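Trainee: Pasting a structure here, questions to come.
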Amino acid sequence: MLFYNCIKFPLFKDPTSTVLISKDGDLLSARIADDGQWRFPESDSIPKKFELAIKCFEDEYFEYHFGVNPISILRAIKQNLSEKKIVSGASTLTMQTIRLSRKNKSRTISEKIKEIILSIRLEFSKEKKEIMLLYASNAPFGGNVVGLDAAAWRYYNRSSFKLSWGEITALAVLPNAPSLIYPGKNQQLLLEKRNRLLNKLYRKGIIDKNTCELAKIENLPNYPHPLPQTTSHLTNRLIKDGRKGKVTVVSIDKNIQEKMNLIISNNHDNLKHNDIHNASILIIDVENQNVVAYVGNSNCPLEDSGSKVDMITSPRSTGSTLKPILFSSLLDNGTILPNSLVNDIPTQILSFTPQNFYRTYDGVVSASNALVRSLNIPSVILLNKFGQKRFYDKLKKLNIYSLKNNAKHYGLSLILGGSEITMWELGKVYLGMARSLKDYKKNNYMYDASNYNTLDIINKKKEKKVMQKESQFSASSIWHTFDILTELNRPISEGDWEQFSSSSKIAWKTGTSFGHRDAWSIGITPEYIVIVWVGNSDGEGRMGLTGTKIAAPIMFDAFNKLPRTSWFETPYNNMIDLSVCNESGDLASRYCVNTSEQLMPESCKKAQICKYHKILHLDSTLSYRVNSSCYNVKDMKLKSWFTLSPMCSYYHRKVNPFYKKIPDFHLNCQKIKQDNMQIIYPKNNAKLFLPIGLDGKRSNLIISLAHNNTKSSVYWHLDGMYIGETSGYHKKKIDVKPGNHNLTIIDDNGEEEKINFYIIEN
């Protein structure tokens, strides 16, 4: 019993290197073990070449002995007695394995006896294959290189399974005297030992003469190669996740990864001149739901550049990256149709006053155009319409865990980058959307329940699908969203969007955070999700750092390095024909004259009916509005007219020359209030702060008014006192003191508008 218990497993407790292997078996990255050795974790197999070579060189009878070779021991005893010192150990591979596990203790007779006993016990405990693996994984190969796998990569920069006979035999002779002979030290002796082994392999018939001679002329390595660091940030992530000292096979495609590393490196060389130091790319394989490229950051040599931060897992301001998610949500619950009009005017909702990026207004704009142009004001209005808390809860259901605060904390700024998100979380959401649409027909018009919570980087066995009728978004709402995001011909106001082109159809969206701190670009196809982030990890903003100018070119460059992609199949089974007003984009009313049948998500059948078209009573020339008080009813003409509120009309006609405002009333007609004017700024009950200038005086308040009749005059009254008149262009600068005030404006038709506002004390 004592004999059987005299050996303890595991034999080797040394720390091992952290190793990442690609899906194709290539070494991606490795981290040295804690003791400073390149020692890979024990492999489950070794090349047949090495097994044959090491047995031929070290232990020809390995397969036949029980841990000890008696003949070799007797020969060694004879030699040692003859020389009166230890010149031969007669160690088998099993005995060498034991000696390695005992940290090469002094070669005494007593130690030798212990090795013999432990070797026999090891042979009883393990199969020959297991003993060979133990030896190959822990044998020294010179310097700080331990184990065959580490040696193959350090000396030949490739896997041991890809080594030639000349290379494998050069490694096989190293453990015999690792401190004396290794690449870069005693090269001639190494060459001689290798060639002797090759000759022996030839004599035994293991290799033929031609193989032997060709192997002899192969060059020896002169120095160790640095191990690849292709996925350094991913390695750090896996170490934090408990994979330290392990071999991890990940889903990374080495070829794609190296291309993305080069893209980031090349762009960093350009961006650093503007003090932009960090950039990252995440590429997701939609079909397999895993990551094929993971570039956590640019490789900047500056210590304070933040290049060690993994930006894929670091929460950053979302910019406009959540807008497509809101758009899909609105379609999915029937709040809007894709081209429903949304106000784009100066807007204040409670204390929040959003602004468009270029500080311009369209009056009204279609929801799809607002998404394409990433307009902020329409997005805020749509979020308010959908429900900010409702959207927040939606994001939580989509597993966006970076939202640490409650919905009230973020408010309506949530859609403009007022919250933070990681590239990983964003990737999961868009992966879920892409898979929901991609597999809708294949899954017999059902959805995979795991679509929005599965994104892998470690190759795992896929769980059985759980199918359901509903998902976070319907296939049709996703299709409409993605289809809109393929429109690459952007308006001039959006900069250089039109310069980007690709042979493949791509849905894409950019984002820019407040203060130009984060630049995003996301591209979606049925095959890949590509997410790019550019900025500084410390949050320092830089002028010109926008998703359009900086992140988008990188994203398209990435797509150009990927295999050609396809496009999503239209989910006709998830759509219905609806009559749509072509001018308002809403469901057609009986007053809409320009309509069409369009395929829409089924949920859109409960969307609002067009409210913009009204029946007007006009004179016979269709030039003036009339009523029965001034015009013969028989001579009136009825006409459907596209109408906007005064404020929307005021801005819309500036950018749309084809917009026809409502005709004025005929001069003979009764003057009745028609809601022809609207105060633009300030809003009713607004609290305003007027800064004090360098001269010590408080700034004036500038009041703006929109009026449908450009020729009208209006009369201004502040706190009951007349303060002036304006004509055509209605803006009034007033000197106003802190406190409550009321403003009354009356036009020359007697129509009036009233508001109250409060000036905050400085």
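The values are calculated or read from the model by the stated rules, or taken from the named source; none is laboratory data. None of these values were measured; they are calculated from a predicted model. When we count neighbours, we look across all protein chains shown, and the Cβ atoms used for this are built from the backbone with ideal geometry, even at glycine.
Trainee: Test Leu302 against the stated conditions and say whether it is of a type in the set (A, V, I, L, M), more than 22 Å from Lys428 (Cα to Cα) and in contact with an Asp or Glu (Cβ under 7 Å, 6 or more places away or on another chain).
Mentor: Spelling it out, it is not the case that Leu302 is of a type in the set (A, V, I, L, M), more than 22 Å from Lys428 (Cα to Cα) and in contact with an Asp or Glu (Cβ under 7 Å, 6 or more places away or on another chain).
Trainee: Additional query: Please work out which residue is nearest to Arg31 (Cα to Cα), limiting yourself to the range 203-226 and to residues that are crowded, with 18+ Cβ neighbours inside 10 Å and modelled with pLDDT under 95.
Mentor: For the range 203-226, the residue satisfying everything is Pro224.
Trainee: Next up: What tally of residues in the range 87-130 results from selecting those that are surrounded by fewer than 19 Cβ atoms within 10 Å (Cβ to Cβ), touching a residue at least 40 places away in the same chain (Cβ under 8 Å) and closer than 17 Å to Lys55 by Cα?
Mentor: 2
Trainee: If you don't mind, there's one more thing I want to ask. Checking the structure you have, find out if any residue of the range 136-151 is aromatic (Phe, Trp, Tyr), under 16 Å from Lys49 (Cβ atoms) and touching a residue at least 40 places away in the same chain (Cβ under 8 Å).
Mentor: Checked the range 136-151: at least one residue is aromatic (Phe, Trp, Tyr), under 16 Å from Lys49 (Cβ atoms) and touching a residue at least 40 places away in the same chain (Cβ under 8 Å).
Trainee: For the range 115-123, state whether one or more residues are modelled with pLDDT under 80 and within 59 Å of the chain's Cα centre (by Cα).
Mentor: no
Trainee: Still on this structure, please answer the following. Could you tell me how many of the residues in the range 726-754 are surrounded by fewer than 18 Cβ atoms within 10 Å (Cβ to Cβ) and either of a type in the set (D, E, K, R) or not assigned by TED's automatic domain parsing to the domain that holds His707 (or both)?
Mentor: Count: 7.
Trainee: Sticking with this one: Is there any pair linking a residue in the range 419-433 that is closer than 14 Å to Ser450 by Cα to one that is hydrophobic (A, V, I, L, M, F, W, C) and assigned to a helix (DSSP H, G or I), with Cβ under 9 Å and at least six apart or on different chains, and which?
Mentor: From the range 419-433, the pairs are Val429/Ile325; Val429/Leu395; Tyr430/Ile325; Met433/Ile325; Met433/Ile478; Met433/Phe482.
Here is a yes/no grid of residues against (1) buried (at least 22 other Cβ atoms within 10 Å of the Cβ); (2) assigned to a loop (DSSP other than H, G, I, E, B); (3) assigned by TED's automatic domain parsing to the domain that holds Ile524:
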site	(1), (2), (3)
Leu403	no, yes, yes
Ser413	no, no, yes
Gly427	no, no, yes
Tyr430	yes, no, yes
Ala434	yes, no, yes
Asn443	no, yes, yes
Ser450	no, yes, yes
Lys464	no, yes, yes
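Trainee: Moving to a separate point now. Going by the structure shown, is Ala30 modelled with pLDDT of 95 or more, of a type in the set (Gly, Ala, Ser) and closer than 26 Å to Phe124 by Cα?
Mentor: no
Trainee: Kindly establish whether Ile131 is assigned by TED's automatic domain parsing to the domain that holds Ile181, farther than 30 Å from Glu167 by Cα and among the β-branched types (Val, Ile, Thr).
Mentor: So Ile131 fails the test.
Trainee: Can you tell me how many residues in the range 698-723 are at pLDDT below 85 and surrounded by fewer than 16 Cβ atoms within 10 Å (Cβ to Cβ)?
Mentor: 7
Trainee: Picking from Lys397, Lys323, Lys308, which residue would you name as being closer than 30 Å to Asn582 by Cα, basic (Lys, Arg) and not assigned by TED's automatic domain parsing to the domain that holds Met600? Don't jump to the end; show me each part of the working.
Mentor: Values: Lys397 fails: closer than 30 Å to Asn582 by Cα; Lys308 fails: closer than 30 Å to Asn582 by Cα.
One residue alone meets the criteria, Lys323.
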